[in-house]
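What follows is a set of notes on a single structure, which appears directly below.
The values are calculated or read from the model by the stated rules, or taken from the named source; none is laboratory data. The model shown is predicted, which means the values in this text are computed figures rather than measured ones. As a convention, Cβ positions derive from the backbone with ideal geometry for all residues, glycine included, and neighbour counts pool all protein chains shown. What goes into the accessible areas is simple: the full protein's heavy atoms, side chains included, and nothing from ligands, DNA or RNA. Shrake-Rupley method; radii C 1.70, N 1.55, O 1.52, S 1.80 Å.
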Amino acid sequence: MTPPAFSRSHRASLQQRIRQLLGMPAPQNAEQNAPPSTGAHTAYSSPNTSLEPLILEALSYANSLDNGAHGRRRSGAGDNFWQFRPYHPGEPAFAIDWRQSARSPVENTFWVREREHDTPHSLAVWCDGSPSMQWASLNTLSTKNRRAQLCALTLAAAALKAGERIIPLASGHSNRSLAGHTALPQLAAALNDTTANASPPDLSGLPRGASALIISDFLWEQQDFKQWCKENAHFAGRLTLLCVLDPAERNLHERGRVRFEGLEGGTLTLPALESLAASYGDAMKAHLAALHEAATAINAQLIHHSTDQDPLPTLLDLHTALGGAR
């Protein structure tokens, strides 16, 4: 399933805004863009250029998600009606909805019109920037990092549309929250800085009630993952983990003698690889089961995604996971 397309004028407007926020020059007309007569023309190049289509794709997917707020369905000072509830002794009389009370089928019961709490929440986002995330087994597949960024930006776009704030979990950002039309490009730039996203984040400094989305391949040593979970076990908000894997990592399909070179160091040569497929599958299942067990122990939800799959079902699962009350 492909994300819904923007209209041509809307897309052009978004592209212009994103280019400005990313520090990219506006497109020039044909005459201005013509190569100089005295030498070769050099095209503009920027490391942020690749972020523009990614942001547009994320905005397209965000349109497919329910635009409800994350965990804000609770009573409080707001403008939106939520529900009627019985009147409690000691509450002021002006809190009673007399019309609803008159229609009540329960004798001598007064009803209060309760409104929804509308204090903006924050969604903190981290994408693993380690070298193992910069890999795809086929040229036709997205790298794990690119798919992780797409998921993160889509959920962030939906949260921003719901009036929430975004917190990039990257070194140098000091858990500073972002809002407004500049938030999504700033988040994209922060997530694209792999050097700032090399280490798993500490959630202790997040504001009370914030939600956190942590995305990685989680090909960590199990003890390291358990330790990170233990260190963040007291996080008071909703914690959702997304495990992004390449299909070649889920199952071993190669045959014959294969030399493996690790993106983070180390080499391994194995003969008759097809004979190891069953053992590899069992080891991967055990690894993922251990991740689930550790995540469940701290009341976190772990969702799996493979880069050969349509991202929309996973995005819907993530939106649901982040949208419920903890």
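For Lys226, the lysines whose Cα comes closer than 23 Å to its Cα, not counting residues fewer than 8 places off in the same chain, are Lys144, Lys285.
For Ala170, the residues whose amide H sits under 5 Å from its own are Asn175, ignoring neighbours fewer than 5 places away on the same chain, with H placed 1.01 Å from N.
Close amide H pairs (under 5 Å, H built 1.01 Å from N) link Trp111 with Tyr87, Asp97, Ser101, residues at least 5 positions away or on another chain. The residues neighbouring Trp228, those whose beta-carbon lies less than 12 Å from its own, together hold a net charge of -3 under the Lys/Arg +1, Asp/Glu -1 convention. Other residues whose C-beta falls under 12 angstrom from the C-beta of Asn175 contribute a net charge of +1, scoring Lys and Arg +1 and Asp and Glu -1. Coupling constants for the range 239-244 follow from the phi torsions by the Karplus curve (6.51 cos²θ - 1.76 cosθ + 1.60, θ = phi - 60°), and in residue order they are 10, 10, 10, 10, 9, 9 Hz; glycine and proline get x. Can you send over the carbon and sulfur percentage of the accessible area for the range 214-258, probe radius 1.4 Å, protein chains only? Carbon and sulfur: 43 percent of the exposed surface of the range 214-258.
From the square roots a ≥ b ≥ c of the eigenvalues of the alpha-carbon gyration tensor of the range 137-203, which class results: rounded (a/c under 1.5), prolate (a/b over b/c), or oblate? It is oblate, given that a/c is not under 1.5 and a/b is not larger than b/c.
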